1. Look at residue 151 and say whether it is assigned to a strand (DSSP E or B) and either farther than 23 Å from residue 223 by Cβ or touching a residue at least 24 places away in the same chain (Cβ under 8 Å) (or both).
2. Kindly indicate whether residue 111 is closer than 18 Å to residue 65 by Cβ, small (Gly, Ala, Ser) and free of Cβ contacts under 8 Å to residues at least 40 places away in the same chain.
3. Mind listing just one residue for me: the one in the range 154-163 that is in a loop (DSSP other than H, G, I, E, B) and among the hydrophobic types (A, V, I, L, M, F, W, C) and, of those, surrounded by the most Cβ atoms within 10 Å (Cβ to Cβ)?
4. Can you pull out every residue in the range 164-183 that is part of a helix (DSSP H, G or I) and either among the small types (Gly, Ala, Ser) or surrounded by fewer than 20 Cβ atoms within 10 Å (Cβ to Cβ) (or both)?
5. Please specify each residue of the range 128-148 satisfying the condition of being in contact (Cβ under 8 Å) with a residue 40 or more places away in the chain and β-branched (Val, Ile, Thr).
6. Hey, among the residues in the range 184-225 that are hydroxyl-bearing (Ser, Thr, Tyr) and part of a strand (DSSP E or B), which one's farthest from the chain's Cα centre (by Cα)?
7. In a loop (DSSP other than H, G, I, E, B) and aliphatic (A, V, I, L, M): which single residue out of 115, 107 fits that description?
Amino acid sequence: MSIPLRRSQNAGDREREGLVLDYPVNPDREWVARRFSSGRPAAAAARLRGDHDLNPGTVPDPPLIPAAVLVPLVDRARGLTVLLTERTEHLADHAGQISFPGGRIEAGDVGPEDAALRETEEETGLSRQRVEVLGRLDTYITRTGFTVTPVVAIANPPLELDPDPREVAAVFEVPLAFFLDAANHRRCSRPFRGSVRQFYAMPYGDRYIWGATAGMLVNLYERLS
């Protein structure tokens, strides 16, 4: 069965470059899995992304803290969704922000995938038995000194979530198709410590998805397209 395609143009620099990308209106797990099984150019695999992409000269000084997040694509009957969390207001890093579940890579973790699955289970209650890892996005460096490996996976319902109230204020899902529509990508700015900081944002209803999470979603958009 053929999948209908929508032609879309990304925002910002890619729009000026005239790059046109294709994606299904309602992507399914097989379509996404093919994108991750088809391989990547070596240059793309080696790329380090981060807040510095839009703010040159702002890469934090080493040592950076290794971390991993899970990018869970929930296999719903109506189409894939992206599972996100809203962090509680009292956390030391990125308090109150929308993020993927994840955290620091600990000594006992067997690589970023293991860390992402462990942290996700601790934060949201999502069992790793319900998760099928597909691959990684580009490493993302945050201004707060983390080097983050985003691990993309399919989450198979029922999820039976049990969020940790110390870290997670809410868990919610957004249709993957929303993030694959470049019309929903914004490039914003705001004053920050005496300068103007640029960042990506993808507002969804009353949720304001921005910063590192939005940057990783731009990477997912490019990878899938």
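1. Considered against the rule, which asks whether it is assigned to a strand (DSSP E or B) and either farther than 23 Å from residue 223 by Cβ or touching a residue at least 24 places away in the same chain (Cβ under 8 Å) (or both), residue 151 comes out as yes.
2. Taking the combined requirement at face value, the residue satisfies it.
3. Here the residue is 159.
4. 177, 178, 182, 183 - these are the residues of the range 164-183 that are part of a helix (DSSP H, G or I) and either among the small types (Gly, Ala, Ser) or surrounded by fewer than 20 Cβ atoms within 10 Å (Cβ to Cβ) (or both).
5. Those that are in contact (Cβ under 8 Å) with a residue 40 or more places away in the chain and β-branched (Val, Ile, Thr): 131, 139, 141, 142, 144, 147, 148.
6. 195
7. Only one candidate qualifies: 107.
Yes/no matrix, rows are residues, columns are (1) at pLDDT 95 or above; (2) over 26 Å from residue 54 (Cα atoms):
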position: 94; (1), (2): no, no
position: 109; (1), (2): yes, yes
position: 115; (1), (2): yes, yes
position: 118; (1), (2): yes, yes
position: 123; (1), (2): yes, yes
position: 139; (1), (2): yes, no
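The values are calculated or read from the model by the stated rules, or taken from the named source; none is laboratory data. Not measured: the values here are computed from a predicted model. A quick note on method: Cβ atoms are made from the backbone with ideal geometry, for glycine too, and the neighbour counts reach across all protein chains shown.
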